[in-house]
1. Given H placed 1.01 Å from N in the peptide plane, which residues other than close sequence neighbours of Phe219 have an amide H under 5 Å from its amide H?
2. If I take every Cα pair under 8 Å that is 6 or more residues apart in the chain, average their sequence separation and divide by the length, what percent do I get for the relative contact order?
3. At 7 Å along the Cα-to-beta-carbon direction for both Asn15 and Arg135, put a label point, then send me their distance in nm to one decimal.
4. Taking the Cβ of Thr107 as the center, what net charge do the other residues with Cβ under 11 Å away carry, scoring Lys and Arg +1 and Asp and Glu -1?
5. What length, rounded to one decimal in nm, is gained on full extension from Ser179 through to Arg148, with 0.36 nm per residue of separation minus their alpha-carbon distance?
6. Step by step: find N for the stretch 4-72, compute 2.2 N^0.38 Å, then divide the Cα radius of gyration by it. What's the final number?
7. So what J values fall out for the stretch 12-18 if you push phi through Karplus, 6.51 cos²θ - 1.76 cosθ + 1.60 with θ = phi - 60°, rounded to Hz, Gly and Pro as x?
8. Round to the nearest 0.05 the FRET efficiency obtained for Val23 and Asn200 when R0 = 25 Å and r is the Cβ-Cβ distance.
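Derivation of every value follows stated rules applied to the coordinates shown; laboratory data play no part. This structure is a prediction, so every number in the text was calculated from the model and none was measured. When we count neighbours, we look across all protein chains shown, and the Cβ atoms used for this are built from the backbone with ideal geometry, even at glycine.
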Amino acid sequence: LSEQVTALKLSNPGNRLLGYKVVSKVENRYVVLPSQGALQPKKDITINIICHPFPFRSESPPVDTLIIEWVDAFESETDFNEDCLDQCSFEESCSCYRMALPTDIVTVPAEEVWFNAPCLSEQVTALKLSNPGNRLLGYKVVSKVENRYVVLPSQGALQPKKDITINIICHPFPFRSESPPVDTLIIEWVDAFESETDFNEDWFVMGGIVRKKVLSVKFNP
């Protein structure tokens, strides 16, 4: 429903300058910035993949791909030259990068967390996160209301087929029953890098698609 951006890191472990380009066969859905350039030896770069809003149907999700093409640069050149892309064949050196959607995280409670009004003392409630999939996930839980809520732990790794229970702490604040706050907690999660088992903040910066779920915060009278 809205524009989304994810990061893709390209690394060149070799000793020669490479020319690269990233393309999509789906017109107007994805924008890559920068879509082509030079990749220095023993260096890496991070590019942005922008997905524009489109009519998404959960019963038949799109099977889209991004194609990364690369080639050795001309011997005497150090800067990107589009001629190296046009005059060389990519047939044996292209790769596909599929933007896979991370599995759903299951939460208990499912939609709302509750505290008791009038919030005169600190309160704690529990939130269970479950990973029904086969891949390690990184998660974060954040609130847009500064100093009112504390989440412990607020981020971490969620093992496949496992669940964890985290604590949501609500600090005392001036509660007005005639206009109770409309607060939310936002759960974000992303697939972990293939070879890693411990939480890494880079998963959210340079990993795949970051998914979100919003929980409402409610108050008993």
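1. Phe115
2. 19
3. Rounded to a tenth, the inter-label distance reads 3.5 nm.
4. Once all neighbours under 11 Å are counted, the net charge is -2.
5. Full extension of this stretch gives 9.5 nm more.
6. The reported ratio for this selection is 1.29.
7. Using θ = phi - 60°, the values come out as 10, x, x, 9, 10, 5, 10 Hz.
8. 0.30
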